[in-house]
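Since the structure comes first, as structure tokens, the remarks are kept for the end.
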Amino acid sequence: MVLPAPNLDDRTFRQLVEEAKQRIPRFTPEWTDFNESDPGMTLIQLHAWLTETILYRLNQVPDLNYIKFLNLLNVQPRPAQAARAELTFKLKKLNDIADPLVVLIPKSTQIAVDDPELQQPLVFETESTLTAINAALATVVVPGTGGERQRVTEYDNATGETKFPHTFRPFGDAPAVNTVCMLGFMVRPHRKKDIDYSLDRFPAGKLDVMALIPEPFDSDASGEPIPGPLSMQGLFPAQVHQNDRSIVWEAYFGIDHLVDFASTSDRMAWREVPVARDDTVALTRSGHIELEMPGGMPAVPFERLSRDFWASLSLTKPPTTAGELADDISDGTIAPADLDDSVWVDLGITGNLLSELQGLLGDPVANRAAIVTFVRARTLNFNRVAAQVWLDASDVYDESLFKYELSWLRARLVSVPDEPPQVMRFVHNTVAALAAVTRFEEVLGSSNGRPSQAFRLGKTPVLIDTTKQLPRSELSLVVREGDESEEWSAVTDFYFGRSTDAKEAADRAVFVLDPDSGTVTFGDGIHGRIPVAGSSIVAARYRFGGGAVGNAGAGTIKSLKSSVPHVESVTNLRAAAGGANAESLEEAKLRAPHDLRHRDRAVTADDFAELARQVPGVPVQRAFALPLTRAERVAGSSPPRFNLVGGHAGAVTVVVLPQNRHETPQPTEAQLRLICSYLNERRLITTELFVCGPNYLVIDKLKAQVFVDRQADLKTAGDAIRELLVRYFHPLRGGEDGGGWPFGQDVLFGHVYRQLLGVNHVTRVQCLEITPAGSSEPCSDVIPVPDGSLVYLPRTALNVEVSYDTRG
């Protein structure tokens, strides 16, 4: 039961006037004119107005006390949070031999959102220095069916751009140990014809490859849309690192590409590459893979790869060795008589050998075996013969997929995953960016030597990372006295604990920051040091920004604020996420009782649900926690599905319903990652955490015969009934109270009847039939909804007949 807040004095202006008028006969009986025009009545009304104003201020005292109480408990409104995005840079056509193969894009490079409707510019800054490689990820080859391979990319030799037409499984449908996913990089893809690029090698050092995993409403590897839910397990950093060991990354250093290229056992041809960072948890979630690339990787022409590798891609390779040419002549793939003498000369057959061959070609059918033997015994130079010669000589041959040579990487499985991972695409030259701007060397003023001095920053709000239990300020403050500078530390308050020595407390170089107003407050000489009089207070570096406006859509962050050498363009392949406005005082007051209950710790199921609703930057409408429950993938399901399985001690699954425009809202992968990160900081180390979107019980058919009175228009009444039913079953706006369909709330036919009868002009309802998905027979009383699930009624499932009530 909610305790009613008392109104200390609830009298209104009119009541105060009437009360004064009633006292007039007792105190001043000679006053008999109570008309509005009487000057005395004017004075009464004036005093009533002043009294009402005083009473209004008096009634604010409980709110003031409440706010002061929150201050004592250190419950403060949350500051604005900055959105985060992954930005992919595209380099210019660096095709001169003097052009670099590695381009460093500095940290804090600024890119603005290209949106003319923004009221003020929205700028993102890169979080770290990006080592951009002048190379194209030209191809990705994955296992296919029946021992074949599948190329899941489309590369344009003219533009140097790669497309991923569909989602793919990097290790095939049935992964096994030593299954490989191969990535071919083309160094300096834009080349000039008159320049020799033979000295180019894939750069040694850092290579950052990002994997993007399909999200709800994307298509899976089978081409089916993923309705959701997407599930993610909350993992500590050590657990993430442990999952990294299931995949080994290797670089190709082989020499004999006809023999060792496709080998999984030749450790001389494929050498392991150290992994500095892997956020993908064995390619099960989007993230960065940082590889420490060795130097000296060979660049392999595609046409020099083995015929077996070509055949595994359903391609027929033109000959590149004497043995391959002899085999093609033997099986009739190519007719040797169709090759001009100039071709044989380019291959290296001249003089007497050419005369001998010409004699055999006089009767190529009878001499086929001799021609094969002759060719097989020669050492031929295929480099001098253009590929088009073989394509013209035989229709069987396929053209080489790539114009230039490739440097190869591969991911090799060392342990079999529970389910085959799915990837939408791999990208490189990608770095994280934050919707914030950095300022340097801002002078705030000079110290006057007095206690509790306050200075204000020029730009607000100051960025604060509140996702951690110990919020981290993005402000670096220094106090400069003459030529000496001292950096001061930010603290939440000036209480240092009872064990702190008084002299130590007075000498601590600390300050308190209000991020919303940008106010910096120093100590009073007892609790925190006072800056020396005359010293300069300088904000050496701070970042400001944040807000929900930073959650920019995909492909909108693309306007470079300043020219970056060798960079042509930049964009974000996925929408930014995590931006949140500063919390208002009213919101903080509503949150305070919940914070006092769970104490920023997730212990009970209600704690998990409550904290999930408070994650900054994630618009969660509702959350529901299921104790002793794991979110387990349904084996072999396509599109992927998850079941909530109970009976697991120490496990908890948090089902979150985000606020978005989909008919069946599902959290994105970025939102799930933010929720997992937030809850990981607050859960017990022994708790197994899962976060997922809701399952939906889809209603395949809702049929009803509704009767209305004669005053109603049938079309208007029918439209109103259909809108009511769609709204009633809506996840966000449905239910009895209009606040969204409750998790696990059964569908009761009596409630549906009541909703229909509440429509204007409806007199009666009959023949109500509701058939859920997976059921062939309509239900007649109640439809059970599993825990953590919601109900969804598509408009196409409605079959409502509206007619006039002819009774009586």
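The values are calculated or read from the model by the stated rules, or taken from the named source; none is laboratory data. The structure displayed is predicted, hence computed values, not measured ones. Because the Cβ atoms are built from the backbone with ideal geometry, glycine has one as well, and the counts that use them run over all protein chains shown. Areas reflect the complete protein model, heavy atoms only, side chains present, ligands, DNA and RNA absent. Shrake-Rupley method; radii C 1.70, N 1.55, O 1.52, S 1.80 Å.
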>> I need the calculated FRET efficiency for the pair A386 and A335, taking r as the beta carbon distance and R₀ as 22 Å, to the nearest 0.05.
In response: 0.75
>> Using the Karplus curve 6.51 cos²θ - 1.76 cosθ + 1.60 with θ = phi - 60°, what ³J(HN,Hα) values do you get for each residue of the range 426-437, in whole Hz, with x for Gly and Pro?
In response: 9, 9, 10, 6, 10, 9, 6, 9, 10, 6, 7, 10
> Expressed in nm to one decimal, what extension gain is obtained for the pair Y753 and T519 from 0.36 nm per residue of sequence separation less their Cα-Cα distance?
Replying inline: 78.4 nm
> In the P(r) worked out for the range 383-445, what percent of Cα pairs fall beyond 18 Å?
Replying inline: 74
> Cα-based Rg of the chain per 2.2 N^0.38 Å, rounded to two decimals?
Replying inline: 1.31
> For a paramagnetic label modelled at 7 Å from the Cα of D746 toward its Cβ, which residues of the range 768-801 fall within the zone defined by backbone nitrogen distances under 14 Å?
Replying inline: 779-787
> Counting only residues 5 or more places away or on other chains, whose amide H sits under 5 Å from the amide H of V708 once H atoms are built in the peptide plane?
Replying inline: T763, S803, Y804, D805
> How much of the accessible area of the chain, in percent, comes from carbon and sulfur atoms when a 1.4 Å probe is used?
Replying inline: 51
> If you find the alpha carbon centre of the range 353-388 and of the range 666-682, how far apart are they in angstrom?
Replying inline: 66
> Mind checking the dipole of the chain: about its Cα centre, +1 per Lys or Arg Cβ, -1 per Asp or Glu Cβ, Debye to the nearest 20?
Replying inline: 1360
> Across the Cα atoms of the range 516-576, what radius of gyration and what greatest pairwise Cα-Cα distance (Dmax) are found, in Å?
Replying inline: 20.3, 56
> Dipole of the chain (Lys/Arg Cβ +1, Asp/Glu Cβ -1, origin at the Cα centre): which of F253, M293, A326 lies farthest to the positive side?
Replying inline: M293
> How would Y66, Y197 line up by accessible area, probe 1.4 Å, largest first?
Replying inline: Y66, Y197
>> Please list 3J(HN,Hα) in residue order for the range 131-138, calculated via the Karplus relation 6.51 cos²θ - 1.76 cosθ + 1.60 where θ = phi - 60°; whole Hz, with x for glycine and proline.
In response: 8, 7, 9, 7, 8, 10, 6, 6
> Gap in Å between the Cα centre of the range 17-40 and the Cα centre of the range 108-164?
Replying inline: 83
>> As an exercise, use a Förster radius of 22 Å and the Cβ-Cβ distance of W49 and R26 to find the FRET efficiency, rounded to the nearest 0.05.
In response: 0.45
> How would D507, D607, D33 line up by accessible area, probe 1.4 Å, largest first?
Replying inline: D507, D33, D607
> If ligands, DNA and RNA are left out, what is the accessible area of K163 with a 1.4 Å probe, given in Å² to the nearest 10?
Replying inline: 130
> Over the range 98-175, how many percent of alpha carbon pairs lie in each 5 Å bin up to the one with the longest distance?
Replying inline: 3, 11, 12, 12, 12, 16, 15, 10, 6, 3, 1, 0
>> Can you give me the Kirkwood hydrodynamic radius for the range 330-474, using every pair of distinct Cα atoms, in Å to one decimal?
In response: 24.1
> What does the helix-only formula give at 222 nm for the chain: each DSSP H stretch with n ≥ 4 adding -39500 (n - 2.57), the total divided by the residues, and the result rounded to the nearest 500 deg cm²/dmol?
Replying inline: -6000 deg cm²/dmol
> What shape does the range 219-334 have by the C-alpha gyration tensor, where a ≥ b ≥ c are the square roots of the eigenvalues, rounded means a/c under 1.5, and otherwise prolate means a/b greater than b/c and oblate the rest?
Replying inline: oblate
>> Return the Rg/Rh ratio of the range 246-296 with Cα-based radii and a Kirkwood Rh.
In response: 1.05
> Using all Cα-Cα distances in the range 573-685, what percent lands in each 10 angstrom bin from 0 up to the longest?
Replying inline: 12, 40, 35, 11, 1
> Rounded if a/c is under 1.5, else prolate if a/b beats b/c, else oblate: with a ≥ b ≥ c from the C-alpha gyration tensor eigenvalues square-rooted, which is the range 448-606?
Replying inline: oblate
> Rounded to the nearest whole Å², what accessible area per residue is found for the range 307-455 with the 1.4 Å probe?
Replying inline: 46
> Rounded to whole Å and sorted largest first, what semi-axes of the equivalent ellipsoid does the C-alpha gyration tensor of the range 625-725 yield via the square root of 5 times each eigenvalue?
Replying inline: 41, 16, 13
> When the C-alpha atoms of the range 16-169 are aligned to their principal axes, what extent does each axis show, in angstrom, from largest down?
Replying inline: 110, 45, 37
>> For Cα pairs less than 8 Å apart in space and 6+ apart in sequence, what is the mean separation divided by the residue count of the chain, i.e. the relative contact order in percent?
In response: 15
> log10 I(q)/I(0), Debye, Cα-only the range 16-90, no solvent, q = 0.11, 0.21, 0.25 Å⁻¹?
Replying inline: -0.57, -0.97, -1.12
>> Tell me the angle of helix 13-27 to the major Cα principal axis of the chain, expressed in degrees between 0 and 90 and rounded to the nearest ten.
In response: 10
>> Taking a virtual spin label 7 Å from the Cα of R201 along the C-beta vector, which residues in the range 164-192 bring their backbone nitrogen under 15 Å of it?
In response: 187
> Counting Lys +1, Arg +1, Asp -1, Glu -1, what net charge surrounds L689 among other residues with beta carbon under 13 Å of its beta carbon?
Replying inline: +1
> In terms of modelled amide H atoms, which long-range or inter-chain residues lie less than 5 Å from the amide H of G449?
Replying inline: A533, G534
> By the gyration tensor of its Cα atoms, with a ≥ b ≥ c the square roots of the eigenvalues, what is the shape of the range 725-808: rounded for a/c under 1.5, prolate for a/b over b/c, or oblate?
Replying inline: prolate
> Rolling a 1.4 angstrom probe over the protein heavy atoms, how many square angstrom per residue are accessible across the range 146-241?
Replying inline: 45
>> 5 Å is the cut-off here: which amide hydrogens, built 1.01 Å from N in the peptide plane, fall below it relative to T109, excluding neighbours closer than 5 in sequence?
In response: T126
>> Could you derive backbone 3J(HN,Hα) for the range 652-669 from the dihedral phi with the Karplus parameters 6.51, -1.76 and 1.60 (θ = phi - 60°), listing whole Hz in sequence and x where the residue is Gly or Pro?
In response: 8, 10, 9, 9, 10, 10, x, 8, 8, 8, 6, 5, 10, x, 9, x, 6, 5
>> Please give me, ordered by residue number, the trypsin sites (Lys or Arg not before Pro) of the range 471-547 that lie in loop per DSSP and have at most 14 other Cβ atoms within 10 Å.
In response: R498
> So if R0 is 22 Å, what FRET efficiency would D99 and V259 give, r being the distance between their Cβ atoms, rounded to the nearest 0.05?
Replying inline: 0.05
>> Filter K21/K68; K459/K503; K107/K459; K107/K193 down to the pairs with a C-alpha to C-alpha distance above 28 Å, please.
In response: K21/K68; K459/K503; K107/K193
> By how many nm would the segment from A548 to R439 grow when fully extended, if each residue of separation counts as 0.36 nm and the alpha-carbon distance is taken off?
Replying inline: 37.1 nm
>> Considering the Cα positions of the range 657-808, please state its Rg to one decimal place and its Dmax as a whole number of Å.
In response: 18.9, 70
